[in-house]
Amino acid sequence: MSVAMSESITTNGYTDDLRYEIFNREFMPHIDSMYNFAFRLTMDEDDANDLVQDTYLKAFRFISSFEQGTNAKAWLFRILKNSFINDYRKKSKEPSKVDYQEVETTYNSEEASDTTYTVDLRADAVQELIGDEVANALNALPVDFRTVIILCDIEGFTYEEMAKILDIPIGTVRSRLHRARNLLKEKLKSYASSMGYDS
Amino acid sequence: MNASSHTPSVTEEAQKQTMKQSCEHHAECMKIIQSILDDEATEAEKDHFRENMDKCLPCIEAYRLEKCIKESLSLKLVKKPCPQSIMDTILTKVNS
């Protein structure tokens, strides 16, 4: 379900002045976070630029479905995520990079893998890694797993906000995060090993 | 629990000897650790964490690792500012 669809449910009769005020006061301050989210999803500067621009124009067009006092950042992130899925994911280079078999297997084994799953990685080794190495490990994850980590660990959204942004139940947020972090640990482990850090 | 890198002292080594060296419900503990670090833990999970997390070596190490990864993600990754040209384009289109 797209954010735009909720417009018919809630129609706030904002005046033009109020629409601009809300846009400038509530939406624009989040533009750097939005840009970084777009860049980490598309991993392409031009696509990120287009995605942010499209998202903000959509947000303005459907501003009547935004309720003042509610979480503007989460509302914007949800539009951006939906735009990414509907407009960008299909045409971007991303699909060829994603190992769908891996995603499928991973989703299906979420519970089963819990009992045995450990990655031999020490906190000290992670501390040695620089930002680029952590970013590369994150970027190597399939986009759905990358997304939950971005929302939780980089943007600081709560599980409840993430559930709304992603249109999934909180339980799924929890288990997807758990799997995403295990996958991330594997990627970090290979970076730590390649850098010669004792792990 | 301190995530910083240091050489363990004699006292710490002695403490380690009395700790559990393996955790029979580590999978469940990992879920609690995740909830704690994400500030999403229930009161029961917080109680369990407070009562047990200084007794079990695998859980302490897992906590340190998860905390370190979470902090690395929030602190080490470069956050780029949105290009001014994009902001200008948005504002121009909205105002037209």
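The values are calculated or read from the model by the stated rules, or taken from the named source; none is laboratory data. Quick caveat, the model's predicted, so the values are computed rather than measured. Glycine gets a Cβ as well: all are built from the backbone with ideal geometry, and neighbour counts include every protein chain shown.
Being assigned to a helix (DSSP H, G or I), at the interface with chain A (Cβ under 9 Å from one of its Cβ atoms) and more than 15 Å from the chain's Cα centre (by Cα) is a condition met by no residue of segment B:32-50. Of all residues in segment A:120-164, exactly one satisfies the criterion of being facing chain B (nearest Cβ under 9 Å), surrounded by fewer than 18 Cβ atoms within 10 Å (Cβ to Cβ), small (Gly, Ala, Ser) and within 23 Å of B:Ala62 (Cβ to Cβ), namely A:Gly156. Counting only helices (runs of 4 or more DSSP H) that sit completely within segment A:127-199, those holding 3 or more residues that are without any contact (Cβ under 8 Å) to a residue 24 or more places away in the chain and over 15 Å from the mean Cα position of the chain (by Cα) correspond to A:170-194. Scanning segment A:22-47 for residues that are within 12 Å of another protein chain (Cβ to nearest Cβ) and closer than 19 Å to A:Leu166 by Cβ yields a total of 8. Condition test on B:His6, is it surrounded by 18 or more Cβ atoms within 10 Å (Cβ to Cβ) and modelled with pLDDT under 90? Criteria not met by B:His6. Within segment B:49-60, the residues that satisfy the criterion of being under 11 Å from B:Ile32 (Cβ atoms) and crowded, with 17+ Cβ neighbours inside 10 Å are B:Phe49, B:Met53, B:Cys59.
When we screen B:Ile90, B:Ile69 for residues that are crowded, with 18+ Cβ neighbours inside 10 Å and over 28 Å from A:Phe27 (Cβ atoms), the only hit is B:Ile69. Tell me, which residue of segment A:117-126 that is assigned to a loop (DSSP other than H, G, I, E, B) and touching a residue at least 12 places away in the same chain (Cβ under 8 Å) is farthest from B:Lys79 (Cα to Cα)? Among them, the one singled out is A:Tyr117.
The single residue among A:Met28, A:Met1 that is among the aliphatic types (A, V, I, L, M), at pLDDT below 90, outside the structural domain of A:Ala140 (by TED's automatic domain parsing) and out of contact with any strand residue (DSSP E or B) (no Cβ under 6 Å at 6 or more places or on another chain) turns out to be A:Met1. Residues of segment B:51-85 that are more than 26 Å from A:Val148 (Cα to Cα) and in a helix (DSSP H, G or I): B:Glu51, B:Asn52, B:Leu57, B:Gln84, B:Ser85.
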